[in-house]
Amino acid sequence: MASHKITKIAGAQPTTEFELTVAQALVDLENNVPELKKDLRPLQITAAKEVEVGSGKKAVVIFVPVPSQKAWGKIQARVTRELEKKFSDRHVVFVAQRRILAKPSRRDNPKQPRPRSRTLTAVHESLLEDLCHPSEIVGKRTRVKVDGSKTIKVFLDAKDATSLEYKLDTFSAVYKKLTGKAVVFEFSATDSF
């Protein structure tokens, strides 16, 4: 059974059918691809969602525990390629499952201060880095239009243009779904910022 590949944190929703499908696909990869077996065996996921990208396309967002995110990063490119073969016409994206703690108010008296990594801004920044993981973010601009709406422009490393070009719309749609912020991904024309 594939349920051993899913680790739920306390208070999380029960495992869905789609999460079991993704977990089963990971177990199949572990069993069928010998070079991934050793790296994939200890790793687990916390959740999986399907996100509507637009024009009838969907993306698979796989949430992984933060402590094992570094290990996932090492094999993410190969696992993504294999999972995109399995889930045809869907892009696969790995994101760490991070927690946002509320800003402490006067009423609650926390025993210790809220860590910077649990703030809304830090979690959204980390999510942005997780989305375009094989590539690096080389620049960022926030554009505020006359009507007050904000759009974040993210510039990715130009050397990854061939491998990630087809996924830029997926990155934008997934980020918008998870955070509610509009973002546009582009590849930097020059290396100097």
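The values are calculated or read from the model by the stated rules, or taken from the named source; none is laboratory data. Just so we're clear, the structure is a prediction, and the values are computed from it rather than from any experiment. Using ideal geometry, Cβ is built from the backbone for each residue, glycine included, and neighbour counts are taken over all protein chains shown. Please note that ligands, DNA and RNA were not included when accessible areas were found on the heavy atoms of the full protein model with its side chains. Shrake-Rupley method; radii C 1.70, N 1.55, O 1.52, S 1.80 Å.
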Calc'd 3J(HN,Hα), the stretch 43-60, phi into Karplus 6.51 cos²θ - 1.76 cosθ + 1.60 (θ = phi - 60°), Hz, glycine/Pro = x, comes to 7, 9, 10, 9, 6, 8, 9, 9, 10, 6, 8, x, 6, x, 8, 10, 10, 9
List the residues whose amide H sits under 5 Å from the amide H of Ala182, counting only those 5 or more places along or on another chain, with H placed 1.01 Å from N in the peptide plane. Ile152
Which of rounded, prolate, oblate describes the chain, given a ≥ b ≥ c as roots of the alpha-carbon gyration tensor eigenvalues and a/c under 1.5 marking rounded, otherwise prolate only if a/b is larger than b/c? oblate
For the stretch 17-22, just list the computed ³J(HN,Hα) in residue order, Karplus coefficients 6.51, -1.76 and 1.60, θ = phi - 60°, integers in Hz, with x standing in for Gly and Pro. 5, 5, 5, 5, 5, 5
Going down the table (Lys49/Lys140; Lys8/Lys150; Lys37/Lys167; Lys111/Lys150; Lys111/Lys140; Lys8/Lys145), which pairs top 29 Å between alpha carbons? Lys8/Lys150; Lys111/Lys150; Lys111/Lys140; Lys8/Lys145
For the stretch 1-132, accessible area per residue (1.4 Å probe, heavy atoms of protein chains only), Å²: 61
Could you name the lysines in cross-link range of Lys38, using Cα to Cα under 22 Å and dropping any fewer than eight places away on the same chain? Lys5, Lys70, Lys74, Lys85, Lys86
In the stretch 1-39, which residues have a backbone nitrogen under 20 Å from the label point lying 7 Å from Arg81's Cα in the Cα-to-Cβ direction? 25-39
One finds the C-alpha centres of the stretch 39-117 and the stretch 125-193 to be spaced, in Å, by 17
Answer rounded, prolate or oblate for the stretch 12-121, using the Cα gyration tensor with square roots of eigenvalues a ≥ b ≥ c: rounded when a/c is under 1.5, else prolate when a/b is larger than b/c, else oblate. prolate
Can you give me the % of accessible surface on the stretch 11-108 that is carbon or sulfur? Probe 1.4 Å, all protein chains present, nothing else counted. 49
Under a 5 Å amide H to amide H cut-off, with H placed in plane at 1.01 Å, what residues pair with Val64 once short-range neighbours are removed? Thr46, Val95, Ala96, Gln97
Quick one: net charge around Arg143, please, counting Lys, Arg +1 and Asp, Glu -1 for every other residue with C-beta under 10 Å from its C-beta. +4
Rounded to the nearest 10 Å², the 1.4 Å probe accessible area of Ser88 is 80
